[in-house]
1. Hey, among ILE298, ILE312, which residue is aliphatic (A, V, I, L, M) and open to solvent by less than 30 Å² (accessible area, probe 1.4 Å)?
2. With the requirement that a residue be in contact (Cβ under 8 Å) with a residue 40 or more places away in the chain, over 17 Å from ILE350 (Cα atoms) and in contact with a strand residue (DSSP E or B) (Cβ under 6 Å, 6 or more places away or on another chain), what does the range 267-307 give you?
3. What single numbered condition from (1) within 24 Å of TYR316 (Cβ to Cβ); (2) touching a residue at least 24 places away in the same chain (Cβ under 8 Å); (3) aliphatic (A, V, I, L, M) fails to hold for VAL160?
4. Within the range 232-331, considering only helices (runs of 4 or more DSSP H) that don't extend past its boundaries, which have at least 1 residues that are within 24 Å of MET145 (Cα to Cα) and not hydrophobic (A, V, I, L, M, F, W, C)?
5. Could we say that VAL116 is touching a His at 6+ places or on another chain (Cβ under 9 Å), free of Cβ contacts under 8 Å to residues at least 60 places away in the same chain and assigned to a strand (DSSP E or B) here?
6. Only one of ALA241, ALA217 is small (Gly, Ala, Ser), out of contact with any Leu (no Cβ under 6 Å at 6 or more places or on another chain) and either touching a residue at least 60 places away in the same chain (Cβ under 8 Å) or crowded, with 17+ Cβ neighbours inside 10 Å (or both); which?
7. Within the range 44-94, count every residue that is outside any helix (DSSP H, G or I) and free of Cβ contacts under 8 Å to residues at least 12 places away in the same chain.
8. Could you figure out which of (1) more than 18 Å from the chain's Cα centre (by Cα); (2) farther than 24 Å from ASP179 by Cα; (3) open to solvent by 10 Å² or more (accessible area, probe 1.4 Å); (4) touching a residue at least 24 places away in the same chain (Cβ under 8 Å) isn't true of ASN369?
Amino acid sequence: MKISRIETFLVPPRWLFCRVETDEGLIGWGEPVVEGRAEVVRSAVEVLSEYLIGEDPLRIEQHWQVLTKGGFYRGGPVLSSAVAGLDQALWDIAGQAYGAPVHALLGGPVRDRVRVYSWVGGDDPNEVAEGIAAQVEAGMTAVKMNASGQLSAIPTAAEVAAVVRRVAAAREVLGDGRDVAIDFHGRATAAGVRRILPEIAPFHPLFVEEPLLPEQAHLLHDVVTASPVPVATGERLFGRAEFRTPLQAGVAVLQPDLSHAGGISEVRRIGAMAEPYGAVLAPHCPLGPIALAASLQIAFSTPNFLIQEQSIGMHYHGGGAELLDYVVDPEPFRFVDGHIRRPEAPGLGITVDEAAVRAAAREGHAWRNPIWRHDDGSFAEW
């Protein structure tokens, strides 16, 4: 069996899909994308495809090694994301070729269902209670929300109080039997987050996400040591080596993204690397159905897994295209009591609606993240 064709599809709301076809008729799908830079990743996929065309798709590890190390200059979000989508597609083909779900090829499932969470509140959250109540009504047992909009370098008393009010409102609606995770989105400084975390600790967040920017990983140890709340990070890290510092700092939750951090092959290794540190995996996934399907294969085969992000109804979609628009059967993504049941279909466990993808690709998109500014006109982290 040989890889005969690789195509990419820029589809709303902000995603990039790739389709890998073999000369025996098997087709694998992947999701190689950097949100806001999808066109750049598309070009990287085209360059990497030069190597893959004519190769045996089942030599996944060999291809991962060549794609990540075959160039003198390595790494970074664009290359790692291009490799990630291609890697997902190759695992999808392998599962079909062997007649098994990917989690079976990774050693078999270690759980029967995977807990998921939903987003509430948007980029600059204000009233969150109503959104959380709707998720509780829908059966979800966990939600995540941004801590705030933009933050001052040293948060004011008013900014701290606003974060506390949001977390308190969430806990009031959720009660003690459900969870809320708080995303700082890299908007805080080390001084700022150390000021805020003790104030929200009484409401017992499941974790606080990305309290610092990835380039400030050397400061994580001080934040973790001072924090009474479990710290999570990793959505902007792209390989095992970059996770070493957070693990050594004592981060409790790693959040590699299956569409950024080298795909199924590398995220599986990141999970194994985290296990001796006592850290758990909560893969980042504000993306489409292929990325979520790949994430679930990792979730079902990883012992130290915590919870899975998913984007159904997420604010980034802007009321436009949704995750379920691109699959033939939504059943693999059906939530039961805030969980997803283990898929048993071969490969990634979903059937991509190719006609819907090709139609959407004719529209395409040019999604860019917002540019925020402080009141004085200076740049603010989004």
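1. Just one listed residue meets the conditions, ILE298.
2. Hits for the range 267-307 are ALA282, HIS284, THR302, PHE305, LEU306, ILE307.
3. It is condition (1) that VAL160 fails.
4. It comes to 240-249, 289-301.
5. In short, no.
6. Selected residue: ALA217, the only one of ALA241, ALA217 that is small (Gly, Ala, Ser), out of contact with any Leu (no Cβ under 6 Å at 6 or more places or on another chain) and either touching a residue at least 60 places away in the same chain (Cβ under 8 Å) or crowded, with 17+ Cβ neighbours inside 10 Å (or both).
7. 5
8. (1)
The values are calculated or read from the model by the stated rules, or taken from the named source; none is laboratory data. Computed from a prediction, not measured in an experiment: that's the story for all the values here. Here the Cβ is made from the backbone with ideal geometry for all residues, glycine too, and neighbour counts use every protein chain on show. All accessible areas refer to the heavy atoms of the entire protein, side chains included, with ligands and DNA or RNA removed. Shrake-Rupley method; radii C 1.70, N 1.55, O 1.52, S 1.80 Å.
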